[in-house]
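*Asks:* Dropping a structure here in C-alpha cells format, bear with me for questions.
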Amino acid sequence: MPDPKQHEETAARSKADSPTATPAPAPEPAPAAAADTDALYEPYPGAEFFHGGRYSPINTAAGARLTHEGHAPAGKTLGPDWTTAHRDAWKSYQQTLRPKGGGDTSGTPDETAWRQLKVPRVSPPKES
C-alpha cells in the first residue's frame with residue numbers, strides 16, 4: 001500500500017513547482033500599419049485645378065499614369081502644361097470607368113476617377 005504521507009509531499013512539491021496563476025499568452029504582434037495613401041498618392045486637387053495654362057508636376061504625374069493605362073494619344077508625352085491631350089486622355093480613362101455614358105466623361109478629372117487612377121504623390125505632404 002502506498003504511503004499517504006509520501007503522496008502528500010509529492011502533491012505539495014507539484015503545487016510549489018507550478019505557477020499559481022495561469023501565464024498570459026504572448027501578445028499578438030500589432031498588424032502592420034496600412035500604407036498611408038496620403039503619402040503615396042497625390043490628393044485630388046479639385047476640378048478647378050484643371051484648365052488651360054495650368055503648369056504643374058501633378059499634370060505630368062497624372063499623364064504618366066494615363067499613358068501607363070493606355071489612354072494617352074500615341075506619340076504624345078503628357079507634360080506639366082494642361083492641354084487638350086490631357087483632357088482627351090482623361091476623357092478616354094473616364095469612359096473605361098463609366099461605359100455607356102454612366103457618369104462624368106467630360107475629360108475634367110473628377111474625384112472618383114482621380115482616386116481610381118492612383119496618381120503618385122509629387123507634392124509635399126501637408127504637415128499635421
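Only the coordinates and a few stated rules stand behind these numbers; no lab work does. Note that this is a predicted model, so its numbers are computed, not measured. Heads up, the Cβs are rebuilt from the backbone with ideal geometry, glycines too, and the neighbour counts pull from every protein chain shown.
*Asks:* Return the long-range amide H neighbours of Tyr41 (sequence gap of 5 or more, or a different chain), with a cut-off of under 5 Å between placed amide H atoms.
*Replies:* Arg121
*Asks:* Quick one: if the Förster radius is 30 Å, what FRET efficiency do His68 and Glu111 give, using the C-beta to C-beta distance and rounding to 0.05?
*Replies:* 0.90
*Asks:* Also, quick follow-up: First select every other residue whose beta carbon is under 14 angstrom from the beta carbon of Phe50; then total the charges, Lys and Arg +1, Asp and Glu -1.
*Replies:* Here the charged neighbours net out to -4.
*Asks:* Here is a further query. Applying the Karplus parametrisation 6.51 cos²θ - 1.76 cosθ + 1.60 with θ = phi - 60° to the phi angles of region 99-110, what ³J(HN,Hα) value in whole Hz is obtained for each residue in order, glycine and proline being reported as x?
*Replies:* x, 6, x, x, x, 5, 10, 6, x, 8, x, 9
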